[in-house]
Every structure is written in C-alpha cells, then in structure tokens.
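The values are calculated or read from the model by the stated rules, or taken from the named source; none is laboratory data. Keep in mind it's a predicted model, so treat the numbers as computed, not measured. Using ideal geometry, Cβ is built from the backbone for each residue, glycine included, and neighbour counts are taken over all protein chains shown. Please note that ligands, DNA and RNA were not included when accessible areas were found on the heavy atoms of the full protein model with its side chains. Shrake-Rupley method; radii C 1.70, N 1.55, O 1.52, S 1.80 Å.
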Amino acid sequence: MTFESNSDTDTRQFAKDLGKKAKAGQVYALIGDLGVGKTVFTQGFAEGLEISEWINSPTFTIVQEYVDGRLPFYHFDVYRIGDPEEMYEVGFDDYVYGEGVSLIEWANRIEEILPEDVITVRIDKDLDKGFDYRRIEIDKDL
C-alpha cells in the first residue's frame, strides 16, 4: 500500500485512519530519515487510537506508554540503541507480545528482534515533488 502526502495534515490523517484500524498485538516498524515526519505520523496514529495525551518522541526513555485510548499504545524510539539486546532491558517482549499496539521509530536498528508479522511503514521524501511531499509505503494491506 502506498500513500502520497503533500502536507503534515495529509500524513497525520492517513496515520489516524491506520490507528483507527489497529488491533491489539500489532507491531508497526516506522522507518525513515531524520525530518521525514515520523513523529507527525505517530501523533496521527495515536489520535486514531483515541489517545488524548500529547505524543513526543521518547528518544531518551526508549519507550513511552499511553493507556487512555481504546488500546494501550507503546511508542518506541530506538535511535540511540547501540545493540538490539538493550531492548530486552526495557521489557520489549512484554510490549510487542502484549495486548496493546506498538509503534517503533527507527525500527531498522533492531530488525533482527522484530516479530515476523511486523507491519513496516517507510516514509521517504522526494524533493522533486515538493518540500512537503512524502511517500508512505506499508508492506501489508490493512
């Protein structure tokens, strides 16, 4: 599935629609360079889960839990992870095999420990199509 976004608003709405369809136990691997809109995507996704808290990237805490929505939401930012084994120190398995939805920014840094049924979301810029253009590719039909 491919979505073409021309603004933060487009990206947020697309992610919100995905969040509305999200099911317990799903793991989303969010991949993209700095500045492509991973946090905007995550904020929209959380909105689709009916999370009312403000979503920030948990760069220094690795994972942030949100439990006030229709499903628990576990937001990971693994940018600073040096070794995927470090994820087990924060209870990674408990989150990704639990009853909530996990979204992992920079998931390519820990791909060897991701579940087999992970849903990969890749966000890319294409400056030839405009400064705000983003191509969002999802490896599964949802």
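Descriptive notes on the structure:
- Pairs where the first residue, in region 8-23, is open to solvent by 60 Å² or more (accessible area, probe 1.4 Å) and the second is in a loop (DSSP other than H, G, I, E, B) and not acidic (Asp, Glu), C-beta under 7 Å, 6+ apart: 8/37; 21/142
- Residue within region 85-106 that is open to solvent by 10 Å² or more (accessible area, probe 1.4 Å), within 15 Å of the chain's Cα centre (by Cα) and either more than 21 Å from residue 53 (Cβ to Cβ) or touching a residue at least 60 places away in the same chain (Cβ under 8 Å) (or both) present: yes
- Answer residue from region 45-65, given it is in contact with a Leu (Cβ under 8 Å, 6 or more places away or on another chain) and not aliphatic (A, V, I, L, M) and is nearest to residue 96 (Cα to Cα) among those: 45
- Residue pairs meeting the criteria (Cβ under 6 Å; at least 6 apart or on separate chains; first touching a residue at least 40 places away in the same chain (Cβ under 8 Å), in region 60-80; second aliphatic (A, V, I, L, M)): 71/24; 71/49; 71/101
- Selected residue (criterion: nearest to the chain's Cα centre (by Cα)) from residues of region 51-78 that are open to solvent by 30 Å² or more (accessible area, probe 1.4 Å) and within 19 Å of residue 11 (Cβ to Cβ): 57
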